[in-house]
Structures are given as structure tokens and as C-alpha cells.
Amino acid sequence: MTETYADFHRRSLTERDAFWAEQAQRVDWQTPPQQICDASKPPFARWFVGGTTNLCHNAVDRHAASRPADRALIWVSTEVGQERVYSFAELQAEVEAMAAILSAQGVSQGDRVLIYLPMIPEAAFAMLACARIGAIHSVVFGGFASVSLASRIDDATPRLVISADAGSRAGKRLAYKPLLDEAITLAAHKPARVLMVDRGLAAFERVAGRDLDYAELRQRHWGQPVPCAWLESNTPSYTLYTSGTTGTPKGVQRDVGGYAVALATSMDWIFGGKPGETYFSTSDIGWVVGHSYIVYGPLIHGMATLMYEGTPVNPDAAVWWSLVEKYRVTVMFSAPTAVRVLKKHDPALLKRHDLSSLRALFLAGEPLDEPTGRWIAEALGVPIIDNYWQTETGWPLLTVAHHIPGVEAVPTRFGSPGMPMYGYDVKLLDENSGAELAEPNQKGVLVIEHPLPPGALQTVWGDDARFVSTYWQSVPGHARRPVYSTFDWGLRDAQGYTFILGRTDDVINVAGHRLGTREIEECISGHPGVAEVAVVGVADQLKGQVALAFAVPRELPATSEAALALEGQIMKRVDEQLGAVARPSRVLFVGLLPKTRSGKLLRRALQAVAEGRDPGDLTTLDDPTALAQVKTLLHK
Ligand code: AMP
């Protein structure tokens with residue numbers, strides 16, 4: 001007998017503990033949990049209390065013991081023309097060697113290790129080695145520049161940093177070491193050690209007494225056994241920084257046991273992967289998708305994971321499909337931006353390879369527009385599964401799960417990621433009153449009722465108060481239970497499909513990367529020639545959104561050459577401090593910015609004008625000439 005998805009979802013909430021107790025059996029516990037969910041101190045939640053387990057054991061050791069020769073990690077780099085395949089036994093040996101190095105350098109349980117690496121196997125070894133010994137890893141995206149890196153070093157206060165000489169993108173080498181050295185100079189906290197992976201791509205200076213050579217230490221510690229530390233389920237496993245409304249990024253903190261159970265369940269029920277098969281996520285380890293679905297999820301599930309360093313169009317736009325064919329990929333995960341890039345190339349490239357192994361393509365990170373969804377669905381001939389989630393949730397919140405035994409599959413619908421996943425008590429609330437919007441087709445704030453399911457963030461690293469005030473106190477007056485705000489607008493249709501209508505805060509989404517406009521504004525206003533600045537996200541055909549800056553210069557540039565020069569300097573500053581993803585597409589110089597009489601910047605009006613839309617209610621606008629100026633500039 002089959003159950004409807006709605007009934008199944010309801011059961012996951014009303015019979016919460018029984019539901020998750022069953023899922024907990026997907027992972028190995030050294031001591032079984034004594035309590036499934038401790039929700040007694042809202043808005044916090046603790047999952048699988050008293051149980052002890054280890055992410056590395058579940059991802060590596062247990063498979064290495066039962067099927068050592070099976071593929072675990074496949075690494076392909078079209079940047080340096082290399083491929084390496086590690087079996088579970090080989091992966092275990094690498095992870096143990098890395099763990100031995102860390103331990104020998106005094107890294108112990110609870111210490112932070114910051115990982116600033118490109119997409120190389122050592123990045124996965126490093127994450128898993130930390131998990132093995134109970135050190136807390138904090139991966140910082142390799143494209144981030146020194147100032148961003150420095151703020152993360154100061155927040156995480158790592159004992160050790162793991163980095164490499166260089167990354168590479170589209171054939172262009174990006175030297176990491178100078179960026180790291182600069183970040184350590186800028187940071188107040190000084191990590192005791194820097195472990196360097198030398199790829200032979202860029203020569204670098206070594207700081208005596210601080211910098212260590214990975215190849216040399218790997219050889220020294222090779223074969224040294226390092227047992228997995230059995231950790232209470234709620235021990236922090238990692239932090240991952242993400243942007244919000246303020247300039248300072250938040251360290252999203254995850255646990256051990258809840259994360260393992262949530263990922264194992266999603267690999268089976270949402271992704272429909274099978275142990276022994278190959279999973280290919282095109283993301284980067286610097287993002288949450290890389291954590292959940294390049295490293296931990298597939299490995300915990302006993303799948304081989306394909307880690308790819310390169311762009312989707314090098315050597316040509318068929319490179320991903322050649323990998324699907326070669327490694328018989330069954331489940332693939334990417335982002336709409338990447339598909340939009342492929343769409344600009346010859347569709348015949350999608351027919352060149354045997355894609356018969358592929359069962360589905362999952363897309364997440366930003367809205368999937370219908371033309372892009374339809375194009376890739378027709379080209380691949382497999383289901384395209386939109387899924388919506390956040391760094392904070394760790395795994396999909398809205399999608400259509402097709403692989404739950406005994407449960408009716410919900411059909412996909414273009415434009416909507418789908419329905420709330422099991423374990424998530426999702427509501428739409430009125431922004432002002434906090435009342436639940438029970439009728440369909442009403443726009444409201446998408447929230448999750450306490451407790452968040454296993455796998456979601458525990459807190460903001462080192463700042464419980466910020467966790468509570470940021471996420472749980474932003475929607476007023478909802479009496480029943482505390483609610484977590486996603487900061488996304490949503491709408492539910494009569495069939496229960498949820499549509500995402502954009503952010504409620506000042507976060508923009510550039511090619512699936514989440515950026516706080518405040519961070520970019522802080523960087524630009526640090527330029528001596530800039531008096532004031534507003535940054536907004538505007539729609540872009542390829543990247544979804546791009547940043548656009550409106551700056552009030554200290555002196556208006558006298559000529560267009562002078563304006564161009566100032567714009568160039570500002571862009572360079574953003575590149576250097578935050579990285580190229582954050583660079584505004586244009587910097588427009590204005591005499592004043594549109595503000596309310598109380599001095600609040602009217603970002604939404606700016607954004608509307610920049611996108612050619614009606615700016616809406618402007619009764620609070622202090623000086624109407626400000627917006628008129630912006631319009632003139634945009635149409636020049
Ligand atoms: P991040 O934490 O970087 O993964 O960004 C999360 C944000 O990206 C969400 O709050 C949404 O605004 C957006 N997002 C992620 N997935 C989707 C999706 N499938 N459809 C629409 N927006 C999405």
C-alpha cells in the first residue's frame with residue numbers, strides 16, 4: 001500500500017522521534033543515542049543525544065573494512081590535466097596520514113583547522129582527517145581574497161591552516177600563498193602552523209617555524225594508525241561561513257550525529273543513489289553543497305564521489321558528460337548558472353557521450369528558470385530535480401523526493417523546487433503580523449518551526465545570541481512555537497508546491513554564490529575617493545544576479561576617463577579584498593543616494609530602477625532628484 005507524500009511528511013513531524021530513530025540506523029554508532037531529540041531549550045535542538053559516532057568512520061572506515069577496493073574518490077582536473085582514483089582503503093590511508101600530521105602538530109579535539117585549498121583530493125583528506133580526530137574544520141572558498149580570509153581566521157581562531165601554492169581556473173593560476181600570508185598579517189589571531197600542499201604551480205615563500213611541507217610530513221607519518229575519535233552526537237564537526245545582512249559573515253556550526261543521519265537519509269530518499277555507484281557534484285568544497293554532497297553524503301552512503309577541478313567548458317562544453325560516461329555517473333548535482341553557461345554552446349555536445357548511466361540531475365543554489373530547466377531536461381532526457389536549501393539547513397528543504405519506499409512520488413513542476421521535505425515543519429507567515437498564511441497563492445516569509453531537523457545548523461559559531469536574534473526573532477508575533485526565518489519569500493499553490501520569490505534581506509545570489517551587499521559596500525566605502533555607496537543585486541541572464549554599485553564620490557570625476565579610472569580602482573579593491581565573485585558589474589557615480597527622510601537607504605527602489613521596474617511607493621523618499629539621477633545614468 002502506498003502512502004501519500006503529504007501523509008508521510010505529516011508523520012515525520014507528528015511521530016518525530018520514532019521517524020528519526022529509524023533513520024539513525026543508517027549510520028554506525030559506538031554508543032547508541034539515549035534520546036532522539038532534545039527540544040527542551042528552544043530555539044536550540046540537540047539530536048541523538050548521548051550517542052557517539054564519527055563522520056570519518058561512517059564515510060570511510062566502515063566501507064574500507066567491507067569493500068576496500070571499491071572506488072571512493074575520483075579526482076579529475078582539466079586545469080592540470082590529471083586524474084586520480086582512490087579506493088576506500090587508499091582513501092583511509094590518506095586520511096589517516098593527514099590525521100597523523102595534524103595530531104603531531106598538536107591539533108586535538110575541538111581545535112579549529114582552517115582549510116584554504118583548491119579542488120584537490122587533499123581538501124577531502126583534510127576535512128575527513130579533522131572529522132576523524134574531532135577537530136573542527138572551517139573551509140574557506142579558494143576564490144576568497146585576503147580580507148575575507150582574515151575575518152574568517154579571526155572568527156574561527158584556527159590552530160593550523162591547510163593551504164596550497166595555487167589554484168587554477170580556466171587555465172589561469174591563482175597563487176594562494178601570498179593571499180594567505182597577507183590574511184595572516186591582517187588577522188589579529190595568528191595560526192601556529194600552516195601546512196602547505198605544493199602542487200608545483202607557483203613558487204612561494206616559506207615562513208620558518210610556521211610553514212610545513214605536506215609531502216614530507218605525509219611520508220613521515222604514512223602507515224601510522226590514527227583511530228576515529230568517538231564523539232557525542234552534538235559535538236561540533238565544522239563551521240562554514242555564510243553571508244547575511246551585516247558585514248560580518250556568520251559561522252554556521254554543524255554537529256556530528258544529526259548531520260550523518262540527515263545526509264545518509266537524503267542520499268537514499270532524495271537523491272536515490274546506491275552504494276557502489278558514482279555521484280558527481282560540480283560544486284566546490286568551499287560551499288555547503290561541497291561539504292554535504294561532494295565529501296560527506298556520497299561517502300557515508302558508500303558511493304564513489306567525483307571531485308572536479310575545472311570549468312564546465314574546458315576543453316569543451318562536453319567535459320562533464322565525458323566524465324558521466326567514463327565513470328558511469330548515476331546521480332549528478334549542479335547549479336542553474338552552470339546549465340545556463342552550457343546552453344550557450346552547441347546542443348550536439350550533449351549527444352556526444354553515452355549518458356545511459358545517468359538517472360537524474362539535481363539543481364540548487366538559485367532559482368531555476370523554466371527555459372533553462374526545460375532545455376536541460378530535453379537535452380538529457382532524465383528528470384531535472386530543483387531543490388531549495390541553504391548553508392544553514394545542510395540538506396534540501398524543498399524538493400520532490402522520488403525514492404521513499406511506499407510513498408507516492410510527487411511530480412516535478414517547473415518554477416517550483418517542490419514541497420517541504422520530511423522533518424521540516426515549513427510555514428509561510430505574514431511579514432508584519434507573523435500570522436500563518438493558510439490560503440494558497442499568498443506571498444509570505446518562508447519559515448521553519450522549531451525544532452530544525454537533524455543536519456541543520458546548531459548555532460552560529462561562538463555566538464548563540466546572534467543565532468537566536470538573527471534567525472529566530474526576525475518574524476514577529478508567531479505565538480505557537482519559535483520559527484526560523486529562511487529570509488526568503490515564498491508562495492504555496494493549491495497543490496502544495498512552494499515557489500521561491502527572492503530574499504527578504506540584503507543578500508544577493510551571483511551564480512549560486514551568496515553575497516551580502518553590506519560586505520561589498522563596506523569594502524567599497526573603504527576607498528579614499530568614495531563618500532558613500534549602495535550595492536544592489538540586479539537580474540542577469542547568465543549569473544542570475546550581479547552586483548551593481550552606486551557610489552557617491554568625494555569629488556565627482558571631471559571627465560569620463562577619470563570616472564573609468566575610479567571605477568577600475570574600486571573593482572580592483574573588491575577583487576583583492578573579497579574576490580572576483582563580489583566584483584560589481586558596474587560602478588555608477590551619483591551626487592546623492594535615494595534615502596528615506598529617516599536616512600534609510602532605499603535599496604529596493606534602486607534595484608527596481610536598475611531592472612527597469614516600477615520602484616513602487618516613494619512617499620518616504622527624501623529627495624526625488626536622487627532617483628531621477630540614477631535613472632539618467634542607467635539609460636546613458
Ligand atoms: P546558500 O546558503 O549559499 O546555499 O544560499 C541559500 C539561498 O540561495 C536561499 O536562501 C535562496 O535564496 C537561494 N536558493 C537556494 N536554492 C534555491 C532554489 N532551488 N530556488 C530558489 N532559490 C534558491
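For residue 225, work out the one condition from (1) surrounded by fewer than 18 Cβ atoms within 10 Å (Cβ to Cβ); (2) in contact (Cβ under 8 Å) with a residue 60 or more places away in the chain; (3) assigned to a strand (DSSP E or B) it doesn't fulfil.
(3)
Which fully enclosed strands (runs of 3 or more DSSP E) of region 270-373 have 2 or more residues being β-branched (Val, Ile, Thr) and touching a strand residue (DSSP E or B) at 6+ places or on another chain (Cβ under 7 Å)?
Values: elements: 278-281, 304-309, 329-334, 360-364.
Fully inside region 270-373 and qualifying: 329-334.
Those residues that are within 26 Å of the chain's Cα centre (by Cα) and either part of a strand (DSSP E or B) or surrounded by fewer than 21 Cβ atoms within 10 Å (Cβ to Cβ) (or both), I need them from region 24-38; list them, please.
Within region 24-38, the first condition is being within 26 Å of the chain's Cα centre (by Cα), and the residues that meet it are 24, 26-27, 37.
26, 37, listed by residue number.
Among the candidates 368, 361, single out the residue that is within 16 Å of the ligand (Cβ to nearest atom), over 24 Å from residue 6 (Cβ atoms), among the aliphatic types (A, V, I, L, M) and touching a residue at least 24 places away in the same chain (Cβ under 8 Å).
Values: 368 fails: over 24 Å from residue 6 (Cβ atoms).
Exactly one residue qualifies, and that residue is 361.
Can you say whether residue 545 is at pLDDT 90 or above and out of contact with any strand residue (DSSP E or B) (no Cβ under 6 Å at 6 or more places or on another chain), as far as the supplied structure shows?
On the way: at pLDDT 90 or above: yes; out of contact with any strand residue (DSSP E or B) (no Cβ under 6 Å at 6 or more places or on another chain): no.
Answer is no for this residue.
For region 342-359, indicate whether the set of residues that are surrounded by fewer than 20 Cβ atoms within 10 Å (Cβ to Cβ) and among the polar types (S, T, N, Q) is non-empty.
Yes, the conditions are met somewhere in region 342-359.
Within region 501-544, restricting attention to residues that are assigned to a helix (DSSP H, G or I) and of a type in the set (Ser, Thr, Tyr), which residue is nearest to the ligand (Cβ to nearest atom)?
Within region 501-544, the subset assigned to a helix (DSSP H, G or I) is 517-525.
Checking the rest, the ones that are also of a type in the set (Ser, Thr, Tyr) come to 517, 525.
Numbers: 517: 14, 525: 24 Å.
Taking the candidates together, the pick is 517.
I'd like the full set of residues that are at pLDDT below 95, touching a helix residue (DSSP H, G or I) at 6+ places or on another chain (Cβ under 9 Å) and away from the ligand (no atom under 13 Å from the Cβ), limited to region 411-433.
none
Show me the helices (runs of 4 or more DSSP H) found entirely inside region 560-636 where at least 2 residues are loosely packed, with under 15 Cβ neighbours inside 10 Å. Break it down into steps so the answer makes sense when it comes.
Values: elements: 560-577, 603-610, 625-634.
Because the criterion is at least 2 residues that are loosely packed, with under 15 Cβ neighbours inside 10 Å, the helices (runs of 4 or more DSSP H) in region 560-636 that meet it are 560-577, 625-634.
Filtering region 375-403 down to residues that are hydrophobic (A, V, I, L, M, F, W, C), within 25 Å of residue 456 (Cα to Cα) and assigned to a loop (DSSP other than H, G, I, E, B), which residue is farthest from the ligand (Cβ to nearest atom)? Can you show your working first?
Let us first name the residues in region 375-403 that are hydrophobic (A, V, I, L, M, F, W, C), namely 375-377, 379-380, 382, 384-385, 389, 395, 397-398, 400-401.
Adding the requirement that they be within 25 Å of residue 456 (Cα to Cα) leaves 384-385, 389, 395, 397-398, 400-401.
Next cut, assigned to a loop (DSSP other than H, G, I, E, B) only: 389, 395, 397, 400-401.
Values: 389: 6, 395: 11, 397: 9, 400: 12, 401: 14 Å.
Here the residue is 401.
Pairs under 6 Å by beta carbon, first residue within 19 Å of residue 521 (Cα to Cα) in region 555-572, partner among the aliphatic types (A, V, I, L, M), six or more apart or different chains?
Hits for this filter: 567/587; 570/524; 570/587.
The values are calculated or read from the model by the stated rules, or taken from the named source; none is laboratory data. Because the structure is a prediction, the values reported are computed rather than measured. Cβ sites come from the backbone with ideal geometry, for glycine too, and all protein chains shown count toward neighbours.
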